[in-house]
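> The structure is given below, and queries will be raised subsequently.
The values are calculated or read from the model by the stated rules, or taken from the named source; none is laboratory data. The model shown is predicted, which means the values in this text are computed figures rather than measured ones. Note: ideal-geometry Cβ built from the backbone for every residue, glycine included; neighbour counts use all protein chains shown. Heads up: the accessible areas ignore ligands, DNA and RNA and are worked out on the full protein's heavy atoms, side chains in. Shrake-Rupley method; radii C 1.70, N 1.55, O 1.52, S 1.80 Å.
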Amino acid sequence: MFELKVVTRFAAAHQLRMVAEKCENLHGHNWKIEVYVSGDSLTAAGVLIDFGEIKADLAAIMNRLDHKFLNELDYFSNDVPPSSENIARYIAVKLQDKIGSRAVRVSRVAAWESEDACATYICD
Ligand SMILES: [Zn+2]
């Protein structure tokens with residue numbers, strides 16, 4: 001099994017209810033996102049997938065999140081609030097859609113909302 005990791009970042013605002021009191025106020029984070037893709041077989045070039053392809057797909061997803069008020073995006077709602085956990089899952093789902101290959105799977109996405117706090121979505 002091979003695993004690749006790509007790191008990217010975005011800045012956005014969100015508002016979460018019923019977490020800690022200070023999270024209920026509108027605030028922002030500079031999220032650091034780590035995506036992992038894995039697979040068993042390599043292309044003729046000896047790679048799992050071109051890093052450039054993952055980066056381009058990820059850039060398109062970041063474009064939809066960067067400098068946004070995340071609560072207002074279609075994907076998020078009262079049932080799916082834009083927590084770091086749900087942001088990680090959102091990115092995993094969107095990236096897998098874009099890669100569109102069964103041989104290359106998004107295995108997990110980690111969303112760092114600060115230097116010492118990270119939520120990871122592990123795909124099954
Ligand atoms: Zn927050």
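> Exactly one condition in (1) at pLDDT 95 or above; (2) out of contact with any His (no Cβ under 7 Å at 6 or more places or on another chain) is false for Pro82; which is it?
(2)
> Sticking with this structure for a sec: If Gly100 passes every condition in (1) in contact with an Asp or Glu (Cβ under 8 Å, 6 or more places away or on another chain); (2) surrounded by fewer than 18 Cβ atoms within 10 Å (Cβ to Cβ) but one, which one does it miss?
(1)
> Here is a follow-up. Kindly indicate which of Ala92, Ala88 is among the aliphatic types (A, V, I, L, M), closer than 17 Å to Cys123 by Cα, within 16 Å of the ligand (Cβ to nearest atom) and without any contact (Cβ under 8 Å) to a residue 60 or more places away in the chain.
Checking each option against the conditions leaves just Ala88.
> Does Arg9 satisfy being surrounded by fewer than 12 Cβ atoms within 10 Å (Cβ to Cβ), within 16 Å of the ligand (Cβ to nearest atom), among the charged types (D, E, K, R) and under 17 Å from Ala111 (Cα atoms)?
Answer is yes for this residue.
> Has the range 48-64 got any residue that is open to solvent by 60 Å² or more (accessible area, probe 1.4 Å) and within 16 Å of the ligand (Cβ to nearest atom)?
no
> Let me ask you something else. Return the pairs, sorted by first residue and then second, in which the second residue is within 16 Å of the ligand (Cβ to nearest atom) and open to solvent by less than 30 Å² (accessible area, probe 1.4 Å), the first residue lies in the range 1-16 and is part of a strand (DSSP E or B), the beta carbons are less than 6 Å apart, and the residues are 6+ apart or on different chains.
These pairs meet every condition: Thr8/Ile33; Phe10/Trp31; Phe10/Leu65; Ala12/Leu65; Ala12/Leu70; His14/Leu70; His14/Pro82.
> Also, quick follow-up: Are there any pairs with C-beta distances below 6 angstrom linking a residue in the range 106-120 that is at pLDDT 95 or above to a residue that is surrounded by fewer than 20 Cβ atoms within 10 Å (Cβ to Cβ) and of a type in the set (Lys, Arg), with the two at least 6 apart or on different chains, and if so which?
Trp112/Lys32; Thr120/Arg108
> Let me ask something additional. Just give me the residues in the range 52-66 being in contact (Cβ under 8 Å) with a residue 40 or more places away in the chain, closer than 16 Å to Gly28 by Cα and in a helix (DSSP H, G or I), in sequence order.
The answer is Met62, Leu65.
> Ok, one more. For the range 67-124, give me each residue that is part of a helix (DSSP H, G or I), among the hydrophobic types (A, V, I, L, M, F, W, C) and within 17 Å of His14 (Cβ to Cβ).
Listed by number, the residues that qualify are Leu70, Ile87, Ala88, Ile91.
> I would also like to ask the following. Of the residues Cys123, Cys118, only one is of a type outside the set (Val, Ile, Thr) and within 16 Å of the ligand (Cβ to nearest atom); which?
From the options Cys123, Cys118, the qualifying one is Cys118.
> Looking only at the range 65-85, how many residues end up being open to solvent by less than 50 Å² (accessible area, probe 1.4 Å) and closer than 14 Å to Ala111 by Cβ?
So the count comes out to 7.
> Filter the range 37-47 down to the residues that are open to solvent by less than 60 Å² (accessible area, probe 1.4 Å) and in contact (Cβ under 8 Å) with a residue 60 or more places away in the chain and list them by number.
Val37, Ser38, Gly39
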